[in-house]
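Enquirer: What follows is a single structure, and I will ask about it in a moment.
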Amino acid sequence: MQTILSVKKIEKYYGNKGNITKAIDNINFQLDKGEFVGIMGPSGSGKTTLLNCISTIDNVTTGNIIINDKDITTLKARAMEEFRRDELGFIFQDFNLLDTLTAYENIALALTIQNRDAIAIDEQIKKIAHKLEIKEILTKYPFQISGGQKQRVASARALVTEPSLILADEPTGALDSKSARLLLDSFEKLNKELHTTILMVTHDAFTASYANRILFIKDGRVFNELIRGNDSRKEFFNKIIEVVTLLGGDVSHVL
Ligand code: ADP
Ligand code: MG
């Protein structure tokens with residue numbers, strides 16, 4: 001199995017002397033190509049910090065993060081920018097689409113900054129739009145489509161460059177349950193058919209149940225891991241709920 005991501009003994013502190021928050025306290029894990037992994041944990045446990053360090057938005061205090069054999073903790077600004085553009089795809093809770101561009105143009109943006117030619121761009125957009133079932137809305141602007149459609153457009157933008165790793169922070173956080181289900185069905189399909197590697201942060205057990213493996217973090221540390229194996233999504237969901245109950249005691253809070 002090809003390892004896409006290696007997180008090695010990372011720590012992240014915020015603040016300075018006398019007033020330090022340890023947001024990440026020695027986290028280690030690996031992601032193989034084609035895995036769909038969820039990161040769960042209560043609010044303030046370090047999920048976003050972890051994802052931001054992997055996505056090069058933030059930097060670690062100590063430790064190493066290796067993506068596709070490259071140690072991103074040692075990259076210089078320019079190399080980092082190129083790496084982010086070519087190797088990573090981002091999906092955010094609030095979509096981050098540009099309001100003045102159509103769905104098509106939003107997706108195209110990810111490719112035009114890679115200097116690809118117009119015909120190749122058009123082909124790739126059509127292909128990914130078909131997979132995410134957004135072909136009919138490509139000429140529409142963000143204000144003309146639903147939240148669920150916006151998130152599928154944002155996902156198309158993240159996926160169209162065929163990055164090594166997709167990073168999603170609470171991708172269903174702003175969606176109603178039906179839209180969330182549709183989006184997650186697409187993630188599942190893309191993961192199975194294209195072997196897209198996905199790392200998804202969520203505090204929602206239903207969303208997490210689509211992953212094949214879940215890392216639970218608390219106080220900046222991994223404290224449990226669940227592997228789906230041959231479980232159905234429903235069975236996996238129930239196991240997640242058990243851990244969540246153990247983790248916080250208060251399920252409704254974490255859900
Ligand atoms: P989560 O995403 O799991 O809710 P975060 O990664 O956002 O958690 O936060 C982890 C911890 O780090 C929290 O205690 C939070 O207050 C702290 N933290 C996060 N970002 C910053 C920052 N920029 N400056 C100071 N403290 C921060
Ligand atoms: Mg967060």
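The values are calculated or read from the model by the stated rules, or taken from the named source; none is laboratory data. Source: prediction; values computed, not measured. Backbone-built Cβ (ideal geometry, glycine too); neighbour counts: all protein chains shown.
Enquirer: Which helices (runs of 4 or more DSSP H) sit wholly inside the range 1-119 and have at least 1 residues that are at pLDDT 95 or above and touching a strand residue (DSSP E or B) at 6+ places or on another chain (Cβ under 7 Å)?
Expert: Values: elements: 47-54, 77-87, 103-112.
In the range 1-119, the matching helices (runs of 4 or more DSSP H) lie at 47-54.
Enquirer: Please determine whether any residue of the range 208-218 is over 30 Å from D25 (Cα atoms) and polar (S, T, N, Q). Give the steps one after another, and end with the answer.
Expert: Here is the first cut: in the range 208-218, the ones over 30 Å from D25 (Cα atoms) are none.
No: the range 208-218 contains no residue that is over 30 Å from D25 (Cα atoms) and polar (S, T, N, Q).
Enquirer: Scanning the range 163-192 for residues that are within 16 Å of ligand 2 (Cβ to nearest atom) and in contact with a helix residue (DSSP H, G or I) (Cβ under 7 Å, 6 or more places away or on another chain), which turns out farthest from Q93 (Cα to Cα)?
Expert: L167
Enquirer: Still on this structure: Anything in the range 47-71 that is without any contact (Cβ under 8 Å) to a residue 12 or more places away in the chain and either in contact with a Phe, Trp or Tyr (Cβ under 8 Å, 6 or more places away or on another chain) or more than 12 Å from ligand 1 (Cβ to nearest atom) (or both)? List them, or say none.
Expert: D69, D71
Enquirer: From the set of residues in the range 57-83 that are among the β-branched types (V, I, T) and surrounded by fewer than 20 Cβ atoms within 10 Å (Cβ to Cβ), which is nearest to ligand 2 (Cβ to nearest atom)?
Expert: So the residue we want is I57.
Enquirer: Looking at the range 84-92, is at least one residue buried (at least 18 other Cβ atoms within 10 Å of the Cβ) and within 16 Å of ligand 2 (Cβ to nearest atom)?
Expert: yes
Enquirer: Given T74, T102, which one is over 30 Å from E133 (Cα atoms), among the polar types (S, T, N, Q) and more than 16 Å from ligand 1 (Cβ to nearest atom)?
Expert: Going through T74, T102 in turn, the sole match is T74.
Enquirer: Please list, ordered by residue number, the helices (runs of 4 or more DSSP H) wholly in the range 142-213 having 3 or more residues that are surrounded by fewer than 19 Cβ atoms within 10 Å (Cβ to Cβ).
Expert: 177-194
Enquirer: Which condition from (1) aromatic (F, W, Y); (2) farther than 27 Å from E193 by Cβ; (3) more than 16 Å from ligand 2 (Cβ to nearest atom) is the one that F29 breaks?
Expert: Among (1) aromatic (F, W, Y); (2) farther than 27 Å from E193 by Cβ; (3) more than 16 Å from ligand 2 (Cβ to nearest atom), F29 violates only (2).
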